[in-house]
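Here is the structure we will look at.
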Amino acid sequence: MESILFDTDPGVDDALALIYLARHPDVKVVGITTVCGNATIDVTTRNALHLAERFGIDAPVARGAGASLDGEELIAPDFIHGTNGLGDIPFPEPTRTLDARPAHQLIIDLVRAHPGEITILAVARLTNLARAIMDDPGIIPLVKSVVIMGGAFGIGGHYGNASPVAEANILGDPRAADMVCAAAWPVTLIGLDVTEAVIMTPEYLANLRDHGGADGQFIWDVTRVYEVFHKNQDRISGIFVHDQAAAVCALDESAFTFSTNPVRVVTGGIANGMTLQRGPALQGEPAAWDGIRAQRVAIAVNEQRLLDQYAAPFLTPVPTT
């Protein structure tokens, strides 16, 4: 059984990742922490409470950062995820109550209570994780792994979706991202290089709707606005597989190929938020790379395998696209 702490800004793709975790037989969601990103912190926190209640997840939900480490406020991209952050589907106000602790403290407490057991799945800006290691760096060796949906390394022409060089989660708080990637814990980055190489087509989503019961219907309903955005913005039929890909990877890496070397994030200037993975060490290279742990970056993905893995908790047998 994999213990997952889900750090999130729900968000349509966050909801798709969370329902996958909730229905996977080998997962226990031990905590949900929120951060602003796909919507304001008030909206993402309400959405997280609703989703935990809707999916029957018995885990604490804690409110996190409403701005970056540098205090930069969010301009919510409601044209992507809808005005309510969940594709404008109607839902009641949640009855679940928040954990009294701020998100970064819940992270600290859960990791210390379960040393070596928790995988942090971070599918939003990384402010909460940075705050946790700033307050208690002793948790770093106690975390089993950190899986991040974030970054764009230029593989296959995938450079950025929030700037010409930066992916949105990383650009939302570049200083936090650099701190998290440079920390001495095992990090796996699932960036646009692979998430934009996989598409959930309308046919794939319709198959989930028609054969996945209430969960499949939810997946269909919540992606209607999101699918229109992808059609208008990316000229694709269907949706890219962002947070869902990271959720699958946290449990089974077999669909992915990785490159392993240190990762840094640019924290200013025209390339703000750009993710860089060092190649082979060079004689006399800049000190910025000294002593940085090698981290894994997904550089290729088996599209069909990933789609089958995602559908498995909802469908029997697994579908094709």
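Couple of notes before you dig in:
- So Pro115, is it over 20 Å from Arg264 (Cβ atoms) and part of a helix (DSSP H, G or I): no
- Among the candidates Val29, Val61, Val12, Val35, residue that is farther than 29 Å from Leu315 by Cα and not polar (S, T, N, Q): Val35
- Among all positions in the range 190-197, there is at least one residue which is within 13 Å of the chain's Cα centre (by Cα), polar (S, T, N, Q), over 12 Å from Gly273 (Cβ atoms) and part of a helix (DSSP H, G or I).
- Hits in the range 56-78 (condition: surrounded by fewer than 18 Cβ atoms within 10 Å (Cβ to Cβ) and either part of a helix (DSSP H, G or I) or not small (Gly, Ala, Ser) (or both)): Asp58, Asp70, Glu72, Glu73, Ile75, Pro77, Asp78
- Every pair of residues 6+ apart whose Cβ atoms lie under 7 Å, when the first sits in the range 26-46 and is touching a residue at least 12 places away in the same chain (Cβ under 8 Å) and outside any loop (DSSP other than H, G, I, E, B) while the second is crowded, with 24+ Cβ neighbours inside 10 Å and of a type in the set (Phe, Trp, Tyr): Val29/Phe6; Ile32/Phe6
- Set side by side, the residues Leu171, Leu192 differ, and just one is farther than 16 Å from Phe240 by Cα, surrounded by 22 or more Cβ atoms within 10 Å (Cβ to Cβ) and in contact (Cβ under 8 Å) with a residue 40 or more places away in the chain, which is Leu171.
- A single member of Val146, Val165 is β-branched (Val, Ile, Thr) and assigned to a loop (DSSP other than H, G, I, E, B), and it is Val165.
- Verdict on Ala100 being surrounded by fewer than 23 Cβ atoms within 10 Å (Cβ to Cβ), at pLDDT below 95 and assigned to a loop (DSSP other than H, G, I, E, B): no
- Filtered by the rule that a residue be crowded, with 24+ Cβ neighbours inside 10 Å, touching a His at 6+ places or on another chain (Cβ under 9 Å) and small (Gly, Ala, Ser), the range 123-164 gives Ala132, Ala152.
- Any hit, the range 267-278, residues being under 30 Å from Tyr204 (Cβ atoms) and surrounded by fewer than 18 Cβ atoms within 10 Å (Cβ to Cβ): no
- Given (1) more than 22 Å from the chain's Cα centre (by Cα); (2) within 16 Å of Ala311 (Cβ to Cβ), number of the condition Leu251 does not satisfy: (1)
- Positions within the range 118-138 being closer than 22 Å to Leu21 by Cβ and either part of a loop (DSSP other than H, G, I, E, B) or out of contact with any helix residue (DSSP H, G or I) (no Cβ under 9 Å at 6 or more places or on another chain) (or both), in sequence order: Val123, Ala124, Arg125, Leu126
- Within the option set Leu16, Leu51, Leu5, Leu21, being assigned to a helix (DSSP H, G or I), in contact with a strand residue (DSSP E or B) (Cβ under 6 Å, 6 or more places away or on another chain) and modelled with pLDDT of 95 or more holds for one residue only, Leu21.
- Of the residues Gly269, Gly291, Gly284, Gly273, the single one that is modelled with pLDDT of 85 or more and more than 27 Å from Asn161 (Cβ to Cβ) is Gly291.
Every residue, every condition in (1) touching a strand residue (DSSP E or B) at 6+ places or on another chain (Cβ under 7 Å); (2) part of a loop (DSSP other than H, G, I, E, B), yes or no:
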position	(1), (2)
Ile219	no, no
Val228	no, no
Ile236	yes, yes
Val248	no, no
Arg264	yes, no
Gly279	yes, yes
Ile299	yes, no
Leu306	no, no
Pro313	no, yes
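- Looking only at residues in the range 207-243 that are over 25 Å from Gly150 (Cα atoms), small (Gly, Ala, Ser) and surrounded by 14 or more Cβ atoms within 10 Å (Cβ to Cβ), the one that is nearest to the chain's Cα centre (by Cα) is Gly216.
- Test: residue in the range 263-270 that is polar (S, T, N, Q) and over 17 Å from the mean Cα position of the chain (by Cα): yes
- Against the list (1) of a type in the set (Val, Ile, Thr); (2) surrounded by 14 or more Cβ atoms within 10 Å (Cβ to Cβ); (3) assigned to a loop (DSSP other than H, G, I, E, B), the condition Ile107 fails is (3).
The values are calculated or read from the model by the stated rules, or taken from the named source; none is laboratory data. Owing to the predicted nature of the structure, the values given are computational and were not obtained by experimental measurement. Every residue, glycine as well, gets a Cβ built from its backbone with ideal geometry; the counts of neighbours run over all protein chains shown.
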